[in-house]
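Input: a single structure, listed below in structure tokens.
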Amino acid sequence: MKTRVFADKFALARAAASHAADAIRRAIHERGKARILASARQTSAEFLAALTAAADVSWRDVELFHLDELVGLPAEHPGSSRRYLFDQLIHPVRIGRYHLLDAEHDPDRTCREEGEELRAAPIDVAWASLSENGHLAFNEPPADFSTEKPYGIVRVDETSRRELVREGRFASIAEVPDRAISISLRQLLKATAVLCIATGAEWAEAVKRCVEGPVSPLTPASILQTHADATIYLDRDSARLLTPPRPLEA
């Protein structure tokens, strides 16, 4: 796993977006299409803004999947991943084909059907945001490192629910569903390239465990250490506990 540290979240966003856009362009050049796996966390808002502004990306040749959705939420809810991705990525660039996880009506069926679509061909690039508890998607600690199912219904712990309230997507923790559809970690690792984004001092402890600690279900994101092409993008605050300190990139 590679670690890159930037002076601020905007420099980080530009670098991560350039990385993702290059992967998309390369896949389209080689195969005529690209398949991507997207996070809908607001902690990656600057990244999505930079990605949608990237030049010379043939978005009509992109097929999008996404990581997770809270069970029971209608698509129009402010906390819905479907709504966020549609508003911030799919609609602005007119992505050619997309798969949004319907966790409102029949989550088990959604897991089966979208899982089949996801496994039909490789994912060229995936991105995710790191949580304070070290989760990826909603794979909460202790995470399941063994399941081969592409998607499953999982619990959402209190730390993650509080983060969603802080992001402004819910008014209180009582409103946040305690279950979600989530991509499995083994499925996420099948992406050719994986980008992980963490900004802010509140993520520093999780970053240290992810980057320097053992690969453990207690820190789900630590599994990225086993991926051949995973990059974690940090700002100076989220990287502040790493030893030795990582040099800042422009």
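The table below gives the values:
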{"quantity": "Pairs, first on the phi > 0 side of the Ramachandran plot in the stretch 79-108, second of a type outside the set (S, T, N, Q), C-beta under 9 Å, six or more apart", "calculated": "Arg94/Trp59; Arg94/Arg60"}
{"quantity": "Residue list for the stretch 216-245, filter: surrounded by fewer than 15 Cβ atoms within 10 Å (Cβ to Cβ) and of a type outside the set (S, T, N, Q)", "calculated": "Leu218, Ala228, Asp229, Pro244, Pro245"}
{"quantity": "Candidates Arg60, Arg41, filtered to the one that is among the charged types (D, E, K, R) and buried (at least 23 other Cβ atoms within 10 Å of the Cβ)", "calculated": "Arg41"}
{"quantity": "Single unsatisfied condition, Ala191 versus (1) aliphatic (A, V, I, L, M); (2) part of a loop (DSSP other than H, G, I, E, B); (3) touching a helix residue (DSSP H, G or I) at 6+ places or on another chain (Cβ under 8 Å)", "calculated": "(3)"}
{"quantity": "Pair list, Cβ < 6 Å and 6+ apart or interchain, from the stretch 1-18 residues that are under 17 Å from Gly200 (Cβ atoms) to residues that are of a type outside the set (A, V, I, L, M) and assigned to a helix (DSSP H, G or I)", "calculated": "Lys9/Glu46; Phe10/Glu46; Ala13/Glu46; Ala13/Phe47; Ala16/Phe47"}
{"quantity": "Which numbered condition Ala204 misses (of (1) modelled with pLDDT of 95 or more; (2) under 30 Å from Pro107 (Cβ atoms); (3) in a helix (DSSP H, G or I))", "calculated": "(2)"}
{"quantity": "Residue within the stretch 179-196 that is of a type outside the set (Val, Ile, Thr) and farther than 24 Å from Gln225 by Cα present", "calculated": "yes"}
{"quantity": "The stretch 163-188 - residue that is outside any loop (DSSP other than H, G, I, E, B), exposed (fewer than 15 other Cβ atoms within 10 Å of the Cβ) and not aliphatic (A, V, I, L, M) and, of those, modelled with the lowest pLDDT", "calculated": "Arg166"}
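The values are calculated or read from the model by the stated rules, or taken from the named source; none is laboratory data. If you're wondering where the values come from, they're calculated on a predicted model, not measured in any experiment. Neighbour counts are summed over all protein chains in view; Cβ atoms, including those assigned to glycine, are modelled from backbone coordinates with ideal geometry.
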